[in-house]
Each structure stands twice: as C-alpha cells, then as structure tokens.
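A.B. asks: Before we start, here is the structure in question, set down as structure tokens.
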Amino acid sequence: MLFADVPADHALAQEEIFGPVQVMIPFDDEADAIRIANGTEYGLVAGIWTENGSRQMRLARKLHCGQVFINNYGAGGGVELPFGGVGKSGHGREKGFEALYGFSRLKTVSIKHG
C-alpha cells in the first residue's frame, strides 16, 4: 500500500511498520531529506536512489541507520554482510564478523618487565 504526502510527524513516518507499506514524504532539498530520515527513533534500513556517486556516499554517511541500499532495496545480503539497526531498531549486528563481537570481550593486559 502506498501513502503519499505523509507529514514527517505522522505515525506512518515515525514508527516501524512491517508489511507491504511505502510512505512518501515530500522534501525541499538534500538537507531536508536527511533531517526527515533521521527524525525518528528508529533506524533499521534506508534506501537512496540517485545516479550521483558523491551524493550516494554523502547521504549514506549521514543517515542514522544500520544498513543503506543504493539504487536497490531488498534482503540484507548473504551471511557475510552484517545486518542490524540503530536506536529503537536494535543494537548490535547479526551475520558476518561483526556479529561475533557481541559474543566476545576485549581485554588489554599491560606488563612491565624488569
């Protein structure tokens, strides 16, 4: 189901909604789009559609989410690609080496000899 011209503060834009739902929110410029995208407590996955390579990476860095798809959108990839969100979308990562860090603890031991 497609919902167009949704206000950025509407529940459809502020909550994680799982299902066949797409929300379209109008924005004025790149900065406004980032403000709207980061204006929620959730941050699982984002999608960017643009042919401009520098814009792709600039936006991907600024988005507060666990995974970014550029010019595509779909499943989280194979077992080698870490998956997880930020904020109320979760913490930590599943899959890949990043997932192993949640089951281990780093310890530094410093010894002075002599």
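A.B. asks: Can you report the number of residues in the range 18-30 which are part of a loop (DSSP other than H, G, I, E, B) and either among the hydroxyl-bearing types (Ser, Thr, Tyr) or in contact with a strand residue (DSSP E or B) (Cβ under 8 Å, 6 or more places away or on another chain) (or both)? Explain how you work it out, then say what you get.
C.D. replies: Of all residues in the range 18-30, those part of a loop (DSSP other than H, G, I, E, B) come to 18-21, 24-29.
Filter again for either among the hydroxyl-bearing types (Ser, Thr, Tyr) or in contact with a strand residue (DSSP E or B) (Cβ under 8 Å, 6 or more places away or on another chain) (or both), leaving 21, 24.
So the answer is 2.
A.B. asks: Evaluate the following for ALA31: is it under 19 Å from the mean Cα position of the chain (by Cα) and modelled with pLDDT under 90? Show your work before the answer.
C.D. replies: Working: under 19 Å from the mean Cα position of the chain (by Cα): yes; modelled with pLDDT under 90: no.
No; evaluated as a whole, the condition is false for this residue.
A.B. asks: Shifting gears a bit: Residue check: is ALA33 hydrophobic (A, V, I, L, M, F, W, C) and either outside any loop (DSSP other than H, G, I, E, B) or within 18 Å of PHE69 (Cβ to Cβ) (or both)?
C.D. replies: Numbers: hydrophobic (A, V, I, L, M, F, W, C): yes; either outside any loop (DSSP other than H, G, I, E, B) or within 18 Å of PHE69 (Cβ to Cβ) (or both): yes.
The answer is yes for ALA33.
A.B. asks: Let me ask something else. Just give me the residues in the range 37-60 being under 20 Å from LYS88 (Cα atoms) and either buried (at least 16 other Cβ atoms within 10 Å of the Cβ) or in contact with a strand residue (DSSP E or B) (Cβ under 9 Å, 6 or more places away or on another chain) (or both), in sequence order. Don't jump to the end; show me each part of the working.
C.D. replies: Taking the range 37-60 first, the residues under 20 Å from LYS88 (Cα atoms) are 37-47, 60.
Hits for the range 37-60 are ALA37, THR40, GLU41, TYR42, GLY43, LEU44, VAL45, ALA46, GLY47, ALA60.
A.B. asks: A follow-up question, please. Out of all the residues in the range 39-63, which are in contact with a Lys or Arg (Cβ under 7 Å, 6 or more places away or on another chain) and not hydroxyl-bearing (Ser, Thr, Tyr)?
C.D. replies: GLU41
A.B. asks: Here's a follow-up. Looking at the range 1-38 only, could you name the residues that are in contact with an Asp or Glu (Cβ under 8 Å, 6 or more places away or on another chain) and not hydrophobic (A, V, I, L, M, F, W, C)?
C.D. replies: GLN14, PRO26
A.B. asks: Looking only at the range 12-29, count every residue that is over 21 Å from GLY74 (Cβ atoms), exposed (fewer than 10 other Cβ atoms within 10 Å of the Cβ) and not acidic (Asp, Glu) and tell me the total.
C.D. replies: Qualifying residue count for the region: 0.
The values are calculated or read from the model by the stated rules, or taken from the named source; none is laboratory data. Quick caveat, the model's predicted, so the values are computed rather than measured. Please note: Cβ atoms are built from the backbone with ideal geometry, for glycine as well, and neighbour counts cover all protein chains shown.
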